[in-house]
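K.L.:
I am attaching a structure below and will ask some questions about it afterwards.
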There are 2 protein chains.
Amino acid sequence: MPYRSPVADILFSLRSVANLPGMIDQGLAGELDWDAVKSIVAEAGRFATEEIAPLNRVGDLAGARYENGAVTTPPGFADVYTRWAEAGWNGVSAPAKFGGMGLPHLVNVACTEIWNGAAMAFALCPLLTEGAIGALKAHGSRELTEVYLPPMVSGRWTGTMNLTEPQAGSDLNAVRTRAERAEDGSYRLFGQKIFITYGEHDMAENIVHLVLARLPGAPAGTRGLSLFLAPKFLVNAEGSVGERNDLRCAGIEHKLGIHGSPTCVMVYGDNDGAKAWLIGEENRGLAAMFVMMNAARLAVGTQGVAIGDRAYQQALTYARERRQGRAGKGGDAMSPIIEHPDVQRMLMTMKANVHAARGICHLTGASLDLASHARTEDERTAAANRAALLTPIAKAFSTDIGDEATSIGVQVHGGMGYIEETGAAQHMRDSRIAAIYEGANGIHALDLVQRKLPLAGGETVKREIAGVREVAGAVADRGSARFGSTAERLFEAVDVLEETTHTMMRWLERDQHPALAGASQYLRLFGLALGGACLAKAGLAAEALAADWDDESELGRVGLARFFAEKLTTAAPGLARAIASGSAPLEPYEAILAESA
Amino acid sequence: MPYRSPVADILFSLRSVANLPGMIDQGLAGELDWDAVKSIVAEAGRFATEEIAPLNRVGDLAGARYENGAVTTPPGFADVYTRWAEAGWNGVSAPAKFGGMGLPHLVNVACTEIWNGAAMAFALCPLLTEGAIGALKAHGSRELTEVYLPPMVSGRWTGTMNLTEPQAGSDLNAVRTRAERAEDGSYRLFGQKIFITYGEHDMAENIVHLVLARLPGAPAGTRGLSLFLAPKFLVNAEGSVGERNDLRCAGIEHKLGIHGSPTCVMVYGDNDGAKAWLIGEENRGLAAMFVMMNAARLAVGTQGVAIGDRAYQQALTYARERRQGRAGKGGDAMSPIIEHPDVQRMLMTMKANVHAARGICHLTGASLDLASHARTEDERTAAANRAALLTPIAKAFSTDIGDEATSIGVQVHGGMGYIEETGAAQHMRDSRIAAIYEGANGIHALDLVQRKLPLAGGETVKREIAGVREVAGAVADRGSARFGSTAERLFEAVDVLEETTHTMMRWLERDQHPALAGASQYLRLFGLALGGACLAKAGLAAEALAADWDDESELGRVGLARFFAEKLTTAAPGLARAIASGSAPLEPYEAILAESA
C-alpha cells in the first residue's frame, strides 16, 4: 500500500486528546466548526497524498543543485509548491487580514504533519516561511507587514531564518554579522550565515530573509542582537519585485538527508551591504526571533511525528507482505512476518511512540490556541505557560521518536531496509536532522528544566502532572479489561515524574549541576508519562465510542495505550532512578573520557 | 586528533575482563605469552591507524563500482589489502598447518575490532574469508582444504558466504538454488544469490564462494540444504588459477552505508552450471554453514564495538575543540562543549556502552578459546555452551550499541554532524547494517531465549548470572567510594535478570508466545547486566593497579563503570517489568495495527 496521510488518526487525536471540538463549542475557535476541520484536514491529506508524497523520493535522488549562486530544486518541487500555495495552504494559520485562513494552531499542527509526512524536504520551505510570518506579524512595523505579509502569506514569497554562523550554533551570543544604520532609516548587513534552509531556491518570486545581526556599539552577547528583514529582491513602491539586493547564496551543504531542501551558506554585503529593515527594536532581536523559534520548535516536533508515521506505514505494509519463517499458525507455508511477535513489537513500538508524540504536539498546539483565545487573562496566561512547558517536550521527545521509529522501520525491512531503493533508509536519514536543528535536543532538555519548571512558581508543571494523574484515574475508574495494567503503569510513571520534578526543583535552587546532568533523561521521562496519558485518552474515547455508539472500530487504540503502558512506560522508574543519581557520576569526566596511553 | 586504534583499551579488556593472561599462565594458549599479545595488538593498531583508517572516507565517497560483471573497489583498497595480507594479518586465527598464526580467538576478536574500526567496508572482505576458512577447515575434505586453505589463509584468495536469496533472508527453508551431481563427483550449481558481500572484487586473485543449495530429491526445508564450494576461477592441478567458472556478479546494491564494500547479486549456472564441490555431507549444509555463521556473528558484534569506538573518538575530539555557551567555569569566554553536563552524558554513554559491549565480545572470544583448549571435557563443554549463550548477546547488544553510539556521535556534532564531510554521519550509516546482517537482531533474541537458555538444562545461563553476581559482590567488598552505587545497581540488575530468566524458562515449557514477545527486551536486559559486570571488572582491575602499584592512570575506568551502573543499568528493572507483561499486550495486534478509515 502506498503512503497515505494519516488523516483519521490526526482527527482522532485532535478530538480525543486535544479536545478541539470542545474548544469550538466554547466559541474559542471563531466561526470554525468541527465538520470544517474534518474537511480541511481531509483535503490537506488528499493533496499531500496525491501531489506531495510522490516528490519524496525524487527529492532525495535529485537533491537541490547549486550553480553560480542559484539553487535548482528537484523536479516537481516548484510546480507542486505553486499549486499548493495557490490552493491557499500556505496561509492556514495566518490572519485573514493578510490573506490567511486564520485557523487555530491545532489545525496548523495537523497540516504541518501532513505536509512533512508527505515530503519533509519539500515541507521545510513553508515551515520556515510560517516562522518568518509569525515574527514579522508580532514585531514588524505597519509598513513592513503591509508590504511583506500578503505575498508571504499567499506563498508567492518565502521566508528564512538566519541565526547560525560558523562560530555560533546553539550559542547566539557569538553572532558576528554586522548591521549599519543607513541615512534613510534602513540598515546595511555584512556577514555570513550558515545552515540557512531554503536560503536560495527557484520556487518563489522573492525570498524574505530574517537575519540576526549586531549594530555598532551594541552590548555583547544576545542582548546586542537585532533582527532585520532583508529581501532577496528589493521591493518597489507598488509592491512589485525590483532589483537584486546585496546578498547571495555561496553554496549548499552535502547532507545525510533532506537532500531536496537546500541548506545554504548566505553571504550578506559583498558590496555596499545588504539593504535591510529593522524588525522590532534595536538590540531586541532575540525576543522577536523567539516568536519564530517557538513556532518552529513545535513544527519540528511535528516533523518527528510525521516521518515516524511514514516509516511506520511502510514497515507495516512490508511486514504484511514479506513472508519468512513459520509463526506457528499452522501449515508449512511461510508466514507474513507481521505474525512474528518480535515484529509485532517493533511495529507497535513505532506506532505507539508516534501516536504518543502526536498527542503531545496536539496538546501543545491546543495550549497555543487557548493562550490566544481563552476567556480570561488567567486562563490565557496559564495556557501560554503550558505551551511554554510543553514545547521542548514536543520538540525533543517527538524528534527522538522520529529517529527511533525510522530506525526500527529499517530493521523491519531486514536487508532490504539497507538498500536505498526501498526508501526506509531515506526516512532514517531525513529524520536525523530534526533532533539537531531548531536547537539540539539537549538544549531543549535544559530549557525544560531550567526555564520551564519554574514557570508560575512551579504551578504549570504541577498542573500538567495532575492532568496525567487524572487520566490514569479515569482509566482505573473505567475498569475495562482491555486496558490491562495501563492505569497502574501510568500511576507509577506519574508518581516518579512528580517525585523527580520535586528533586529537580530543589536542585535548581542550589547547584544546578545535577539538574543539568539529568535534563535529557527527565525530558524523556516526561514524554513517557505525558505520551502515555495521550494514548490513554484516545483509548478512553475509543471505549466510549464502543459503549455509547456500538462502534468498535477504534478499539485498537485501547490496545495501543496498553502496549505503550506495559512495554514502554515501564522505563519511567529507571529513568527516575538514573536522574536521582545526580551529577556525581559525571564529575570525574576528564578522567573517564581520557585516552589510555 | 585523528582516529587511533584503541589498542590500550582493547588490551585492558583482554586482561581484566577476559583474563587472557590467566589463560596463558594455565598453558591454554600454546606458546603465546602476554608480551607477544601486546606486540601483536599494538602492531595491528599501528597498521590499521596508518594504512587502513585513511581508506574509510575514500571508500564511502568512491564506493565500489560495477561494470560488466566486474567490481572495482575504491582507490587504495586493493593495495592496502595486499600489504595487509602480505604482513600475515589474514591468518591470525588460522592454523599454522595452513600458513596461519594459530592465535587464540581472543586475539582475533581484538584484531577484528581494529580492522573494522579503521574501515568497516574494507574489513568486511577478510571477515567473510575468515568465516569461509572456518567452515572449510571444519567440514571440508582433505583434498579441498589442501587446495583452498593455504591461499585463503594467506589472503591471496578471499571467501564469501552465499545464503540469501530474494525469497530467503532470515528463513533458509526457502532456499531454492539448485545443485546437480556431475559424473566426476563434483556438482553444478544453478541459481541466484543476493546480498553477497565481496562476491566480486579486484583485490584478490580468486574468490571462493561457499554456497547453500538444494540437491534433487532433497528434503524440504533446511534439512535439504547442502553446502558447496564454487571458486570464481577453477583451480588447476598444481594449484594455480585456471579458467573462469560459470558464475558471475550481476550487479551490486546501492546501500545506506559501507559503500566501499560491494554487496553483490551472484548468478550461478548461466550455462552448464557453476562447478562446485561438496563441503561436508549432502543435506548437512546448514551444520557446516553454522560454523561460519557463529564466527561471523561474533565478528559482526565486534564491528558494532569498533564503529562505536570510532564515532566516540571523533565526538570526543569535537567536544574538546568546539566552543559554545558558558558552562559556568567562570569567565565570559565560550566553553568547550565537553564542559556541558549533557555533552558529558552523551560522550560517557557512548564510551560506557562501547566498553561494555567490547567486554561481552571478549568474554565470548575467551569462551571459544576455552571450548577448544580447556583441560577437561567438562570444562570444554561448559565453555562451548557459554560461547553459544553469549554469541547472540555479543552480536545483537553490540550492534545495537553501535547504532546508538554512532547516532549520539552525530548529535554531539550538532548541525555539523548532519553534513557528510564531517564523517560522523558515515559512521551512523555504516553501523546500521550490523544489526541486520548475519541474522537480524530480533532473530538473535529468539535464539538466545529459545535455544540458549535451555542449554545444559539451564545450567549455562545460571552460571553466567552467578558470574555477574560475583562481580557485584566483589565491588561491594571492595567498598571503594569511587564506585558509588555500582554494586547496588548491579545487584538490582542481576536480581531482575535472574527472575526474568526463570519466567522465560517457565514460559518456554508451555506456550512460547510470551517468551518470544519479550525476547528482544530480555537480550537488552542481559546485555546491561553482563556489560555492567564487564565494566566493573575493568574498574576493579584499575583500583588494584592504583592500590598495588600506585598507578592511578586507569582510575577513569572505575568512573566509567559507575556511570554505566547509575545512569544506564538503571533501565534493567523496567525492562524486566515490560517482559513480565508477557504477550497479552501484543495479542490484539491486528486491531492495534489496523488503519483507521
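The values are calculated or read from the model by the stated rules, or taken from the named source; none is laboratory data. These figures come from a predicted structure and were not determined experimentally. Virtual Cβ from ideal backbone geometry, glycine too; neighbours counted across all protein chains shown. Accessible surface is based on the protein model in full, side chains and every heavy atom, while ligands, DNA and RNA are left aside. Shrake-Rupley method; radii C 1.70, N 1.55, O 1.52, S 1.80 Å.
K.L.:
In the range B:65-142, with Lys and Arg counted as +1 and Asp and Glu as -1 at Cβ, which of these residues, B:74, B:102, B:138, has the Cα nearest the positive end of the dipole, that is, farthest along it?
P.N.:
With unit charges placed on the Cβ atoms, the residue in question is B:138.
K.L.:
Find the lysine pairs in chain B meeting two conditions, Cα atoms under 15 Å apart and a separation of 8 or more places or different chains, and report how many there are.
P.N.:
Working: B:97/B:137; B:193/B:232; B:232/B:275; B:351/B:567; B:395/B:452; B:452/B:462.
So the count works out to 6.
K.L.:
May I ask which residue of chain B has the beta-carbon nearest to the axis carrying chain B onto chain A, and at what distance in whole Å?
P.N.:
Result for the axis mapping B onto A: B:574, 2.
K.L.:
Let me confirm one metric for peptide B:313-324, namely the mean number of other chain beta-carbon atoms within 10 Å of its residues' beta-carbons.
P.N.:
Numbers: counts 1, 0, 0, 3, 0, 0, 1, 1, 0, 2, 3, 10.
Across B:313-324, the average partner-chain Cβ count within 10 Å equals 2.
K.L.:
Sort largest first and round to whole Å: the equivalent ellipsoid semi-axes of the protein assembly as shown, each the square root of five times a Cα gyration tensor eigenvalue. Don't jump to the answer; show the numbers that get you there.
P.N.:
Values: eigenvalues 502, 217, 195 Å².
Taking √(5λ) for each Cα gyration eigenvalue gives 50, 33, 31 Å.
K.L.:
Right, another one. Enter the mean number of other protein chain beta carbons within 10 Å of the beta carbon of each residue in A:252-263, as an integer.
P.N.:
Numbers: counts 0, 6, 4, 6, 12, 2, 1, 0, 0, 0, 0, 3.
The shielding value for this peptide is 3.
K.L.:
Can I ask one more? State the dimensionless ratio Rg/Rh of chain B (Rg: radius of gyration of Cα atoms; Rh: Kirkwood radius). Write out the running numbers ahead of the final one.
P.N.:
On the way: Rg = 24.2 Å, Rh = 24.9 Å.
Answer for chain B: 0.97.
K.L.:
What do you get for the angle between helix B:142-154 and the principal long axis of chain B? Use alpha-carbon atoms, 0 to 90 degrees, nearest ten.
P.N.:
Approximately 50 degrees, to the nearest ten.
K.L.:
Along Cα→Cβ at 7 Å, what distances in nm separate the residue B:57 label point from those on the other copies, shortest first?
P.N.:
3.3
K.L.:
If you don't mind, there's one more thing I want to ask. Using the alpha-carbon centroid of each, what span in Å lies between the range A:252-268 and the range A:123-172?
P.N.:
Their Cα centres are 18 Å away from one another.
K.L.:
Under a Cβ-only charge scheme (Lys and Arg +1, Asp and Glu -1), can you give me the dipole magnitude of the range A:462-553 about the Cα centre, in debye to the nearest 20? All intermediate terms of the calculation are to be shown ahead of the outcome.
P.N.:
Numbers: 10 positive and 15 negative charges, 86 e Å.
Dipole of the range A:462-553, to the nearest 20 debye: 420 debye.
K.L.:
Along Cα→Cβ at 7 Å, what distances in nm separate the residue A:141 label point from those on the other copies, shortest first?
P.N.:
Ordered by distance, the counterparts are at 9.4 nm.
K.L.:
Then there's this: Divide, for the range A:80-124, the radius of gyration over alpha carbons by 2.2 N^0.38 Å, where N is the residue count.
P.N.:
Values: Rg = 10.6 Å, N = 45, 2.2 N^0.38 = 9.3 Å.
Against the empirical 2.2 N^0.38 Å value, I get 1.13 for the range A:80-124.
K.L.:
Here is a follow-up. Per the Debye formula with a single identical scatterer at each Cα and no solvent contribution, what log10 I(q)/I(0) holds for the range A:308-432 at q = 0.12, 0.14, 0.18 Å⁻¹?
P.N.:
These q points yield log10 I(q)/I(0) values of -0.56, -0.67, -0.88.
K.L.:
Along the charge dipole of the protein assembly as shown, pointing to its positive end and built from +1/-1 on Cβ of Lys, Arg, Asp and Glu, which listed residue (A:519, B:152, A:413) has its Cα farthest out?
P.N.:
Value computed over the given set: A:519.
K.L.:
So what are the ³J(HN,Hα) numbers for the range B:365-377, from phi and the Karplus equation (6.51, -1.76, 1.60; θ = phi - 60°), rounded to whole Hz, Gly and Pro as x?
P.N.:
Once θ is set to phi - 60°, the couplings for the range B:365-377 become x, 4, 5, 5, 5, 5, 4, 8, 10, 4, 5, 10, 4 Hz.
K.L.:
Which order do peptides A:353-363, B:213-223, B:448-458, B:417-427 fall in by mean Cβ count within 10 Å, highest first?
P.N.:
Numbers: A:353-363: 29.3, B:213-223: 15.2, B:448-458: 17.3, B:417-427: 22.5.
Peptide ranking by packing, descending: A:353-363, B:417-427, B:448-458, B:213-223.
K.L.:
While we're on this one: Any idea what angle helix B:120-139 forms with the longest principal axis of chain B, computed on alpha-carbon atoms, 0 to 90 degrees, nearest 10?
P.N.:
With rounding to tens, the tilt is 60 degrees.
K.L.:
Continuing with this model, one more query. Quick one: accessible surface of residue A:334, probe radius 1.4 Å, all protein chains present, in square angstrom to the nearest 10.
P.N.:
40
K.L.:
Residue farthest toward the positive end of the dipole of chain A, with Cβ of Lys/Arg at +1 and Asp/Glu at -1: which of A:17, A:311, A:27?
P.N.:
The Cα lying farthest towards the positive end belongs to A:311.
K.L.:
What whole-number distance in Å separates the alpha-carbon centres of the range B:487-529 and the range A:191-250?
P.N.:
58
K.L.:
Find the relative contact order for the range B:367-469 and round it to a whole percent, using C-alpha pairs within less than 8 Å whose residues are 6+ positions apart. Walk me through the numbers on the way to the answer.
P.N.:
Numbers: 89 pairs, mean separation 29.2, N = 103.
It rounds to 28 percent for the range B:367-469.
K.L.:
Right, here's the next one. Could you work out how far apart the two model spin labels at residue B:43 and residue A:57 are, taking each label as a point 7 Å from the Cα in the direction of the beta carbon, and quote it in nm?
P.N.:
Those two pseudo-labels are separated by 5.2 nm.
K.L.:
Relative to the longest principal axis of the C-alpha atoms of chain B, give the angle of the C-alpha long axis of helix B:486-509, reported between 0 and 90° and rounded to the nearest 10°.
P.N.:
40
K.L.:
For B:403-410, what's the mean count of beta carbons from other chains sitting within 10 Å of each residue's beta carbon?
P.N.:
Values: counts 3, 1, 0, 0, 7, 0, 0, 6.
Mean number of neighbouring Cβ atoms from other chains: 2.
K.L.:
If the label for residue B:551 sits 7 angstrom from Cα along the Cα-to-Cβ line, what are its distances to the same label in every other copy, in nm to one decimal, shortest first?
P.N.:
7.2
K.L.:
Related question: So, with +1 on the Cβ of K and R and -1 on the Cβ of D and E, and no other charges, what is the size of the charge dipole of the range A:403-472 about its Cα centre, to the nearest 20 debye? Numbers along the way, then the final one.
P.N.:
Working: 7 positive and 10 negative charges, 76 e Å.
So the magnitude is around 360 debye.
K.L.:
How much accessible area is lost when chains B and A come together, counting both sides, with a 1.4 Å probe, in Å² rounded to the nearest 100? Could the numbers behind the result be given before it?
P.N.:
Details: alone 24690 and 24670 Å², together 41330 Å².
Adding both sides of the contact gives about 8000 Å².
K.L.:
Here's another thing I want to ask about it. For a quick protection proxy, order the peptides A:60-70, A:254-264 by their average other-Cβ count within 10 Å, most packed first.
P.N.:
Numbers: A:60-70: 15.2, A:254-264: 24.8.
Order by mean packing, descending: A:254-264, A:60-70.
K.L.:
Read phi for every residue in the range A:562-579 and hand back ³J(HN,Hα) as whole Hz from Karplus 6.51 cos²θ - 1.76 cosθ + 1.60, θ = phi - 60°, with x for Gly and Pro.
P.N.:
5, 4, 4, 5, 8, 10, 10, 4, 4, 6, 4, x, x, 5, 4, 4, 5, 4
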